[in-house]
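Following: one structure in C-alpha cells, then a few remarks.
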Amino acid sequence: MPLKVSFEHPHFPKDTPFDIMGLGLVPNGGSLEVDEDMERQFVSLNGASVRDALQDNEMVKVEGTTTLKQTDYDELIPQDVNDTVQPVIVEEVPVVESGES
Amino acid sequence: MPAGLGGGGAVAISLEAVMGTYQDPSTVGTVWVPITNEGLVYTEDKYYSPQIRQQTIRSDVKQSYYHVEGPISMEVDPAFIPYFLHCSRHLIAKAGTGPYTYTYTPSSAGSASTAASGAVARTASITVIRDGIGFGYAGCNINTWEFTIDNGVLMANLGVLGLSEATPAALGTPAWIDPNLYGADSHSIYVAAADPAPTFGAASIDFNGFTANLNYNATAENRIRSDRSASYIAFHETEATWSSELDFVSKTEYDNFKAATTRAVRLESVHGSTDFFRLTFNRTAYDTYTVGLGGMADLIMANTVGRALGISGGPAYKIEVKSVANIA
C-alpha cells in the first residue's frame, strides 16, 4: 500500500484545504496519497521521513509503506553543517625577523 | 543547524485544558497561525550575589522567578483571531452552527483561568519554531490588544503574558489554510449616541486611520513554591481607547470633547455575509482633541483619542467575530 496521509482538524469544516509543507493540500477529514516524488520533496524540505515527521501528530494518520530506501534518505537529508565542515589546519609558518637578511 | 530565516518559522496555539500545563503542537485542536513577527521571551531577574569578600565584582548567580512575555503581530484573520480572544479577559458567547459568531465582552476576572472546553476564557500554549527548534510557552494570556489599519489591512498587535517555558516533546505538523484578510475595502467606522446597544446610521467618512487599544494591565505573579515559573496571571484595571485623525470640518466634535459628550464608536471589517470582525465601544469620550495649523500645505486635521467607559445595561465594549473555526 502506498504512503497515505490523513488529516482531520476538529475545529474546521470538512474539506477545508490544509497545506502541509512538502506534501501539498489535504482536505480536512480526507487523505492524500504520497507518491515517490512528493515523498522526496517532503523529506528534502523537512529533513525527516513522512512517517517520522507526522506520526506524533494526533490530527494526522500515516498509513502504508515508503518507497524510499535508506540510501535515498541519506542523500535527501542534509548533514548538519557542524558535522560536515572539517576544521582547517593551518601549518605554522616560521616568523622571519626583519633585518635578518 | 544552518542559519534560518523568520519566514521558515511557524507559530501554533493550543487552548489549554489545565492552566499552565504545556500542550505541544501535536495536540488535537492546535492551530498554526500565520503571524508577521513575534518576540516571546523568557523573562527573569537573575540573582547576582553581592557578597563582600574582598572583591568588587558579583560572586555568584542563582536562577530566580520567571515568566514569559512578548509581542505577536498578525493580520486579523477571522479563522484565527478567536483563539487569541479566548485567551484574554473576556466573557464569551458563541452562536450559530457554522460559521460561528463569537462575542467577547470585558470581564472583571481578577486572574486568568482555563477550562477543558466551552465558550469560557482560556489560557493557551503557544509554540514558536525558530530555525527548526521549538520553544513552548504555557499559560499564555493576551494582556494587550492593538487593532489597527495598516496600509488598508486590519492588523492585530498582541501583548502576551505567560506562566512558563517548556521544550516541546513534538513539533507536530504545520498545516495552513488560505489567508482571509480584511483589506482596504472591508472597513467602515460608525459613530452614534452612547447606548448599551447603539443604533448606528451611515458610516462616517471623516476617519483617517483607526487604532483601538485594550489593556488589562496584567502581571505575572510568582509565589513561593518549588517552581520558579509564575503561579498565575493577575488582571488589573481595564483601559480601552481608540485613536484616529479626523478631517476638521466643523466644531461639533471639538465641542463634544470639551463637553465630555459620550458617543458609541464601531470599527467593522466585513467580507459580505461570510465573516466579519466588529469592535464596538458602546460609550466613549474624547480624551484628547487637538487641532492646529500644521503648515502651509497641510490638511487641517484633528488628532483624537477616545476613552471607553462603562455603561449601564451593557458592556463597555464588544468584539464580535464571525468565523469558520468551531472552538469547542
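Just so it is clear, none of the values below were taken in a lab; they were calculated from the coordinates. The structure displayed is predicted, hence computed values, not measured ones. All Cβ positions, even for glycine, are placed from backbone atoms using ideal geometry, and neighbour counts span all protein chains on display.
Under a Cβ-Cβ cut-off of 14 Å, what is the net charge of the residues other than B:ALA116 that fall near it, where Lys and Arg count +1 and Asp and Glu count -1?
Values: positive: B:ARG122; negative: B:GLU16.
So the environment of B:ALA116 carries a net charge of 0.
Would you kindly derive the ³J(HN,Hα) couplings of region B:256-265 from the backbone phi angles with the Karplus curve 6.51 cos²θ - 1.76 cosθ + 1.60 (θ = phi - 60°), listing them in order in whole Hz, with x for Gly and Pro?
Result, rounded to whole Hz: 5, 4, 5, 8, 6, 5, 9, 9, 9, 10.
Under a 5 Å amide H to amide H cut-off, with H placed in plane at 1.01 Å, what residues pair with A:PHE18 once short-range neighbours are removed?
Hits under the 5 Å cutoff: A:VAL26, A:ASN28.
Could you please report the charge total around B:VAL160, scoring K, R as +1 and D, E as -1 over all other residues with beta-carbon less than 10 angstrom from its beta-carbon?
Numbers: positive: none; negative: B:GLU38, B:GLU69.
Here the charged neighbours net out to -2.
Cross-link candidates for A:LYS4: which aspartates and glutamates have Cα within less than 12 Å, leaving aside residues fewer than 8 places away along the same chain?
A:GLU33, A:ASP35, A:GLU36, A:GLU39, A:GLU63
On the Cα set of chain B, report Rg and Dmax in Å, please.
Expressed in Å, the Cα Rg and Dmax of chain B come to 22.0, 76.
Please identify, among B:SER64, B:SER117, B:SER226, the residue showing maximal mean-square fluctuation in a Gaussian network model of chain B using a 10 angstrom Cα cutoff.
So, out of B:SER64, B:SER117, B:SER226, the one fluctuating most is B:SER226.
Once the convex hull of the C-alpha atoms of the protein assembly as shown is built, how many Å³ does it hold per residue, rounded to a whole number?
Values: hull volume 125.6 nm³, N = 429.
About 293 Å³ per residue, rounded to a whole number.
Within region B:1-81, which trypsin sites (Lys or Arg not before Pro) sit in a loop by DSSP and count at most 16 neighbouring Cβ atoms inside 10 Å? Kindly include the intermediate steps, with their values, before the conclusion.
Values: sites: B:LYS46, B:ARG53, B:ARG58, B:LYS62; in loops: B:LYS46, B:ARG53, B:ARG58.
Counting only loop positions with at most 16 other Cβ atoms within 10 Å, the trypsin sites (Lys or Arg not before Pro) in region B:1-81 are B:LYS46, B:ARG53, B:ARG58.
How well do other chains shield peptide A:56-62, expressed as the mean number of their Cβ atoms within 10 Å of each residue Cβ?
Working: counts 9, 12, 8, 9, 4, 0, 1.
The per-residue average across the peptide is 6.
Need one value for B:164-175: mean number of C-beta atoms belonging to other chains within 10 Å of its residues' C-beta atoms.
On the way: counts 0, 0, 0, 0, 1, 1, 5, 3, 7, 17, 7, 16.
Mean number of neighbouring Cβ atoms from other chains: 5.
Taking every residue in A:5-13, how many Cβ atoms of other protein chains lie within 10 Å of its Cβ, on average?
Details: counts 1, 0, 2, 1, 9, 5, 15, 9, 5.
That works out to 5 on average.
Normalising by the residue count of region B:214-318, find the relative contact order in percent from Cα pairs under 8 Å and 6+ residues apart. Spell out each step's value before the answer.
Working: 187 pairs, mean separation 26.9, N = 105.
Relative contact order here is 26 percent.
Once you place label points 7 Å from the Cα toward the Cβ at B:ALA197 and B:ARG228, how far apart are they in nm?
5.3
What percent do you get for the relative contact order of chain B when only Cα pairs under 8 Å and 6+ apart count? Kindly include the intermediate steps, with their values, before the conclusion.
Working: 870 pairs, mean separation 63.5, N = 328.
The normalised contact order for chain B reaches 19 percent.
Taking θ as phi - 60°, what are the ³J(HN,Hα) couplings along region B:130-143 by the Karplus curve (6.51, -1.76, 1.60), each to the nearest whole Hz, with x for Gly and Pro?
Whole-Hz 3J(HN,Hα) from phi for region B:130-143: 10, 6, x, 10, x, 10, x, 10, 10, x, 7, 9, 9, 8.
DSSP loop (so not H, G, I, E, B), at most 14 other Cβ within 10 Å: list which trypsin sites (Lys or Arg not before Pro) in region B:225-278 pass both filters.
Numbers: sites: B:ARG225, B:ARG228, B:LYS251, B:LYS258, B:ARG263, B:ARG266, B:ARG278; in loops: B:ARG225, B:ARG228, B:LYS251.
The qualifying sites are B:ARG225, B:ARG228, B:LYS251.
Positive end of the dipole of region B:255-328, charges at C-beta (+1 Lys, Arg; -1 Asp, Glu), about the Cα centre: which of B:GLY294, B:VAL321, B:GLY310 has its Cα farthest in that direction?
B:GLY310
What is the calculated FRET efficiency for B:ALA3 to A:TYR73, with r their C-beta to C-beta distance and R₀ = 22 Å, to the nearest 0.05? Write out the running numbers ahead of the final one.
Values: r = 24 Å, r/R0 = 1.07.
In this case the efficiency is close to 0.40.
Can you check what the net charge comes to around B:GLY9, using other residues whose Cβ is under 15 Å from the Cβ of B:GLY9 (Lys, Arg +1; Asp, Glu -1)?
Details: positive: B:ARG130; negative: B:GLU38, B:ASP131.
Net charge in that neighbourhood comes out at -1.
Would you calculate the volume per residue, in Å³, of the smallest convex hull containing every Cα atom of region B:1-105?
Working: hull volume 20.7 nm³, N = 105.
Residue-normalised Cα hull volume stands at 197 Å³.
Taking all pairs of distinct Cα atoms, average 1/r, flip it, and tell me the Kirkwood hydrodynamic radius of region B:279-322 in Å to one decimal place.
Computed over Cα pairs of region B:279-322, the Kirkwood hydrodynamic radius comes out at 12.8 Å.
Ordered by residue, what ³J(HN,Hα) values in Hz, to whole numbers, does region B:87-97 give under the Karplus form 6.51 cos²θ - 1.76 cosθ + 1.60, where θ = phi - 60° and Gly and Pro are x?
For region B:87-97, the Karplus-derived couplings read 9, 8, 7, 10, 8, 10, 10, 10, 9, x, 10 Hz, x marking Gly and Pro.
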